[in-house]
Amino acid sequence: MREIRVAILGASGWMGRVHTMAFQTFPHFFGDSGGTARVVALGSTTGTHADLAFRAPGAKILDNWQDAVADPDIDLIDICLPDNMHYEVAKAALLAGKHVFCEKPLAETAAEARELANIAREKGLITRVGHAFPRNPVHDLAKEIIEAGEIGEITMFKGCQHVDMFGDPLVPYMWRANGELAPTGIVGDTGTHVFSFMEFLVGKVSSLIADNFIVTPKRPVVDGLGLGEAAELTGSEAWADITNPDGSNIICTFANGARGLVDFSRVATGRKFMQTYEIYGTKGSLSYTYDEVNRLRFYTNADPVGRRGYREIDVGPENETYAAFSPLPNFSVGYNESKIIEAAEVVRSIVSGTPMWPTFETGHHICQIVDACMESSRQKSWVNIP
Ligand SMILES: NC(=O)c1ccc[n+]([C@@H]2O[C@H](COP(=O)([O-])OP(=O)(O)OC[C@H]3O[C@@H](n4cnc5c(N)ncnc54)[C@H](O)[C@@H]3O)[C@@H](O)[C@H]2O)c1
């Protein structure tokens, strides 16, 4: 049994806390045969040292990420920092010989993502991007059905993800809405989740046309509110320009000939979290909604005429990953569990030397889709993805 020593950067943020929990928790569900992990360092510019120390007793508390990269007693750098830091930190970590687990989006451009994937390949390091949604076992079931040919050739993918995190125009300005700190806005933030389902279940995207849009051009600058919480104005606030997209509507083609229709936004008032896909094929189709997170709807032409219709399949313990959490189907294996699955797979990858989806190669293709959305929307035309 090998123990992987992990440094979590951005440890006091949302993802930093979830990743810390996931590395500490996964052996409870998956055992230790694939290796274990110890969180040995936490880095953050917010949160007190005491608060961080409480999360991972014994871990070093770092004031800057460079100390983690330079530390010979760290095997894995886990990047939960704002998007604009991913490339710089991941590159330094890889060059220092560390395995890297990076939250999405992997980088700000496909060129940066390509460089990271190349360095990792040359150095023989394990990489992983935090596209955790498709690692819910219900999507293993979708992939099994697709790969068994049960829906035939895929002809169309429809997918969306909407939240109302910025639905209220008085939700304050923050890094997610800042085109310097998150240059691709909702495309890199939420779009990449939909793109990860596309890559996992359908394949590579070959061309697209996108219409990115900003709904609320200015927001008040108010500190200290929760994500999505609207400010009560005093009249003395500064106002900041929103410099990255709030939403996007996309039409695309896949290399295998399938067509795609995708939309996502952070301003869908009332939609607290909506994530869906429908995949149509020549023999059947699949449909999923996050509201029923362990359920897949499957339609097949193999059913007799007059008896055809969508059947609901709840993923259950026949799936090995699902079985780690529950002996009964449909027991709400949800978001945090998908992060626990991810942490277990990252450690198993490092210990076995076997890359597991989604690596930086996947992250690169997803960044290519993001680049194409930004370029297409600027040019108002179709863009090919090489
Ligand atoms: N996979 C997912 O489902 C998912 C969900 C949410 C966020 N994310 C991604 O995770 C990343 C972090 O998002 P979040 O919501 O956790 O953000 P957050 O704002 O909650 O946390 C950011 C963290 O980074 C730290 N930080 C900021 N600037 C820093 C600097 N210069 N040096 C060192 N530390 C710094 C902050 O102290 C904080 O700990 C983003 O890239 C985001 O896109 C992924």
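The values are calculated or read from the model by the stated rules, or taken from the named source; none is laboratory data. The shown structure was predicted, so the numbers you read here are calculated from the model rather than taken from an experiment. Neighbour counts run over all protein chains shown; Cβ positions are idealised from the backbone, glycine included.
Go through region 35-56 and give me each residue that's within 11 Å of the ligand (Cβ to nearest atom) and modelled with pLDDT of 90 or more. Hits for region 35-56 are L42, G43.
Just one of the listed residues (A107, A113) is part of a helix (DSSP H, G or I) and surrounded by 17 or more Cβ atoms within 10 Å (Cβ to Cβ), namely A113. Applying a threshold of 9 Å to beta carbon distances and a minimum spacing of six or more residues, or different chains, the list of pairs starting in region 320-332 at a residue that is touching a residue at least 12 places away in the same chain (Cβ under 8 Å) and surrounded by fewer than 17 Cβ atoms within 10 Å (Cβ to Cβ) and ending at one that is in a loop (DSSP other than H, G, I, E, B) and of a type in the set (F, W, Y) reads F331/F325.
Yes or no, residue by residue, for (1) modelled with pLDDT of 95 or more; (2) more than 16 Å from D371 (Cα to Cα):
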position: E199; (1), (2): yes, no
position: K204; (1), (2): yes, no
position: I209; (1), (2): yes, no
position: N212; (1), (2): yes, no
position: S236; (1), (2): no, yes
position: S248; (1), (2): yes, no
position: I279; (1), (2): yes, yes
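Among residues of region 159-192 being of a type in the set (D, E, K, R) and part of a helix (DSSP H, G or I), the one that is farthest from F254 (Cα to Cα) is R176. Taking every residue in region 53-78 that is acidic (D, E) and pairing it with any residue that is more than 15 Å from the ligand (Cβ to nearest atom) and assigned to a loop (DSSP other than H, G, I, E, B), at least 6 positions away or on another chain, the pairs with Cβ-Cβ distances below 8 Å are D75/K98. Contact map, region 202-229: residues that are under 30 Å from T282 (Cβ atoms) paired with residues that are surrounded by fewer than 13 Cβ atoms within 10 Å (Cβ to Cβ), Cβ distance under 7 Å, separation 6+ or inter-chain. Pairs shown: G203/A255; G203/N256; K204/A255; S206/A255; S206/N384; S207/N384; I209/S381. Go through the residues of region 91-103 one by one and say whether even a single one is outside any helix (DSSP H, G or I), acidic (D, E) and at pLDDT 95 or above. So far as region 91-103 goes, yes, one or more of its residues are outside any helix (DSSP H, G or I), acidic (D, E) and at pLDDT 95 or above.
When region 1-34 is filtered for residues that are near the ligand (Cβ under 8 Å from one of its atoms) and of a type in the set (F, W, Y), only W14 remains.
Annotation: of all residues in region 87-104 being touching an Asp or Glu at 6+ places or on another chain (Cβ under 7 Å) and within 13 Å of the ligand (Cβ to nearest atom), the one that is farthest from A343 (Cα to Cα) is Y87.
Summed over region 116-148, the residues that are on the phi > 0 side of the Ramachandran plot and either in contact with a Ser or Thr (Cβ under 9 Å, 6 or more places away or on another chain) or assigned to a helix (DSSP H, G or I) (or both) give a count of 0.
Condition check ((1) surrounded by fewer than 18 Cβ atoms within 10 Å (Cβ to Cβ); (2) in contact with a Ser or Thr (Cβ under 7 Å, 6 or more places away or on another chain); (3) of a type outside the set (A, V, I, L, M)) across all residues:
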position	(1), (2), (3)
L181	yes, no, no
I209	no, yes, no
T234	yes, no, yes
N244	no, yes, yes
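All conditions but one from (1) in contact with a strand residue (DSSP E or B) (Cβ under 9 Å, 6 or more places away or on another chain); (2) surrounded by fewer than 24 Cβ atoms within 10 Å (Cβ to Cβ) apply to F29; the one that does not is (1).
V351 passes every criterion in (1) surrounded by 14 or more Cβ atoms within 10 Å (Cβ to Cβ); (2) more than 23 Å from D32 (Cβ to Cβ) apart from (2).
Going by the structure shown, is A107 farther than 21 Å from A59 by Cα, small (G, A, S) and within 16 Å of the ligand (Cβ to nearest atom)? I'd like the intermediate steps shown before the answer.
Working: farther than 21 Å from A59 by Cα: yes; small (G, A, S): yes; within 16 Å of the ligand (Cβ to nearest atom): yes.
Taking the combined requirement at face value, the residue satisfies it.
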